[in-house]
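Remarks on the structure that follows.
Nothing in this text is a laboratory measurement; each read-out follows from the coordinates by a stated rule. Just so you know, these numbers come straight off a predicted model, no measurement behind them. Glycine gets a Cβ as well: all are built from the backbone with ideal geometry, and neighbour counts include every protein chain shown.
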Amino acid sequence: MDITDALRSKALAIHQRLITAYGTPTWHSGDDPVSQIVNTILSQSTTDVNRDRAYCRLRERFPTWEAVRQAPTAEVQEAIRPAGLSAQRAPRIQAALDTIAGERGELSLDFLRELPVAEAKAWLTHIKGIGPKTAAIVLLFSLGMPAFPVDTHVQRVCRRLGLAPANARAPKIEELIEGLMPAESYYAFHLNLIAHGRRICKSQRPLCPICPLLDLCDYGQRVISNNEITTKTQRHKEETSETDSIS
Ligand code: SF4
């Protein structure tokens, strides 16, 4: 078995364990692609609650995305204030809407469905402020196309598991996972890795001893063997000090 086959087997085993732990999320059509882009711009570096408040206020204040595009930036900024960084987000949202309307003649991205995934990604990422993660989210969640978004949880968990090198950045991890996993697994794998990152494989203190992926995880195995070494060293010190005190 070559390295890629071994990694693929490991990724599939991890996918199955995550399904056992968290279930199988089934795809259902989310927001339309333009709404998803706005939503994703609002979600960066803020909580889900604040993103949702900002998004609802924006939708309440402006009846269409065209109205958002043409509004004074200060009004958009005011509407999305709960998300924070509104001075940066408002012009970014309007610039994205401008690009779509300017190049397509309408505020719709449904044409992306007809493109190969790589072309659809390239089209989205040429919009200023839209990176690979947002592009993959739009393609996967709004259009049901085979793209694998890598957010901070997915990046961290994939690195620790050894599915990606320890210094691999999100675009590289996206490419690696898309090469390893069947396209139909992307949605569930993405959501379950996020669930796992939030509940068990936390950023600061991963709960390795209770993790269902422990035996499949490079980082977890190192933690275990370090603990064993520490325990052995500790035991040796205790034995030595006992011997010293006896003699
Ligand atoms: S064993 Fe630890 S590092 Fe590995 S996935 Fe589980 S919690 Fe994360």
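Near ARG57: Cβ cut-off under 9 Å, other residues only, Lys/Arg at +1 and Asp/Glu at -1. The net charge is +2. Relative to the dominant Cα principal axis of the chain, helix 186-199 is inclined by about 60°. With the charge dipole of the range 33-142 set up from +1 on Lys and Arg Cβ and -1 on Asp and Glu Cβ about the Cα centre, the Cα lying farthest toward the positive end among the listed residues SER43, THR64, ILE93 is that of SER43. For the range 65-75, the Karplus equation 6.51 cos²θ - 1.76 cosθ + 1.60, evaluated at θ = phi - 60°, returns couplings of 5, 5, 5, 5, 4, 8, 6, x, 4, 4, 6 Hz by residue, with Gly and Pro reported as x. Among GLN16, GLN77, GLN88, the largest mean-square fluctuation in a Gaussian network model of the chain (Cα springs under 10 Å) belongs to GLN88. For the chain, the Cβ-based charge dipole about the Cα centre amounts to some 600 debye (Lys, Arg positive; Asp, Glu negative; other atoms uncharged). The residues neighbouring SER29, those whose beta-carbon lies less than 13 Å from its own, together hold a net charge of -2 under the Lys/Arg +1, Asp/Glu -1 convention. Roughly how many Å is it from the Cα centre of the range 88-133 to that of the range 39-59, as a whole number? After rounding, the separation between the Cα centres reads 19 Å. Taking other C-beta atoms within 10 angstrom as a stand-in for reagent exposure, VAL154, VAL38 fall in the order VAL38, VAL154, fewest first.
Counting neighbouring Cβ atoms within 10 Å and putting the fewest first, the residues ASP32, ASP2 line up as ASP2, ASP32. Comparing PHE141, PHE189, PHE111 in a Gaussian network model of the chain, where Cα atoms under 10 Å apart are tied by springs, the biggest mean-square fluctuation is seen for PHE111. Measuring max minus min along each principal axis, the C-alpha atoms of the chain give extents of 87, 43, 29 Å (largest first).
With the simple model of a label 7 Å out from the Cα in the direction of the Cβ, ALA183 to CYS56 spans 3.7 nm.
Between ALA101, ALA67, ALA120, the residue with the greatest mean-square fluctuation in the GNM of the chain (Cα pairs under 10 Å linked by springs) is ALA67.
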